[in-house]
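Heads up: the structure comes next, in structure tokens.
The values are calculated or read from the model by the stated rules, or taken from the named source; none is laboratory data. Since we're looking at a predicted model, the values are computed, not measured. Virtual Cβ from ideal backbone geometry, glycine too; neighbours counted across all protein chains shown. Please note that ligands, DNA and RNA were not included when accessible areas were found on the heavy atoms of the full protein model with its side chains. Shrake-Rupley method; radii C 1.70, N 1.55, O 1.52, S 1.80 Å.
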Amino acid sequence: MSKYEKEVKKMRSNDEIIDIINNLKEEKGLSLSELARRVNMAKSALSRYFNKTRQFPLNRVEDFADVLGVSSEFILGFDADSNKNDITDIYNELKPLRQKKVYTYAEQQLEEQNNNIVEFPKKLPIVGKTAANPSILEYGDVNVEQGSFEHIPEGADCAILIQGDSMGPLIKDGEIVFYRRQEDIENGEIAIVEINGDGVTCKKVYFNIEEETILLKSINEKYQDREISDEDIRIVGKVLLK
């Protein structure tokens with residue numbers, strides 16, 4: 001166990017999380033480049049987190065914890081066991097009728113989680129258009145309309161219209177896809193990306209940490225891959241397929 005790992009009671013601030021990760025990095029003798037390689041993240045992106053100009057991506061905390069040899073709860077400042085006890089204690093204090101309501105609600109939440117679908121009409125902003133053809137870019141930074149959808153993947157907060165067939169047959173020309181706005185994704189995931197601030201496209205994304213480039217890959221094999229400097233690409237969000 002690291003000398004920095006000790007029991008904590010609450011979630012750390014962004015600056016505290018970065019300080020903890022930096023201390024652990026130094027303790028293990030890792031360079032910024034090596035840490036970026038091990039967590040599969042672009043060095044430039046990691047540098048922005050360490051400079052505290054961007055919020056640390058909480059969805060990646062487990063990757064950092066595994067590399068640095070601590071628990072994700074420690075990095076975030078959570079005491080997992082006490083959280084469980086708090087929930088149990090609250091439930092036990094409720095009267096039977098209210099306990100039943102809590103149990104019924106929890107069952108519904110679990111079913112939605114397992115199905116990965118939120119099954120109720122919900123409005124989301126349809127944010128412009130995105131090209132599935134890597135050589136054609138469309139602007140997509142303004143909400144052009146509100147769409148009402150019956151089935152929305154859990155976690156989606158935007159929808160976007162796909163133009164082109166380079167992501168076919170998985171994503172068809174004219175299809176509306178859902179995505180969650182986030183700055184970081186895993187290697188090989190499908191994302192909405194902006195290139196040079198000129199427009200957005202939908203592609204599978206692969207990171208070349210050593211070369212500090214990002215490969216945009218189509219599913220349709222008739223389209224060539226496109227390799228671009230990671231400084232020229234902004235991850236808009238992760239595509240969530242139904």
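Select from the stretch 189-210 the residues that are closer than 12 Å to Met41 by Cα and out of contact with any helix residue (DSSP H, G or I) (no Cβ under 8 Å at 6 or more places or on another chain) and write down the one among them that is most open to solvent (accessible area, probe 1.4 Å).
Ranking the qualifying residues of the stretch 189-210, first place goes to Tyr206.
Could you list, in sequence order, all residues of the stretch 20-69 that are of a type in the set (Gly, Ala, Ser) and either on the phi < 0 side of the Ramachandran plot or surrounded by 15 or more Cβ atoms within 10 Å (Cβ to Cβ) (or both)?
Selection gives Ser31, Ser33, Ala36, Ala42, Ser44, Ala45, Ser47, Ala65.
Which condition number in (1) in a strand (DSSP E or B); (2) at pLDDT 90 or above is the one that Tyr223 fails?
All conditions pass for Tyr223, except number (1).
Looking at the structure I just gave you, is Val200 in a strand (DSSP E or B) and modelled with pLDDT under 90?
Taking the combined requirement at face value, the residue satisfies it.
Being assigned to a loop (DSSP other than H, G, I, E, B), more than 22 Å from Thr53 (Cβ to Cβ) and in contact (Cβ under 8 Å) with a residue 60 or more places away in the chain is the filter here, so list the residues in the stretch 172-197 that pass it.
Glu186, Asn187
One residue is enough: does the stretch 45-52 have a residue meeting the conditions at pLDDT below 85, within 23 Å of Arg181 (Cα to Cα) and either part of a helix (DSSP H, G or I) or of a type in the set (Lys, Arg) (or both)?
Yes - at least one qualifying residue is present in the stretch 45-52.
I'm trying to understand the selection: among the residues of the stretch 199-215, which are in contact (Cβ under 8 Å) with a residue 40 or more places away in the chain and closer than 18 Å to Ile162 by Cβ?
Gly199, Val200, Thr201, Cys202, Lys203
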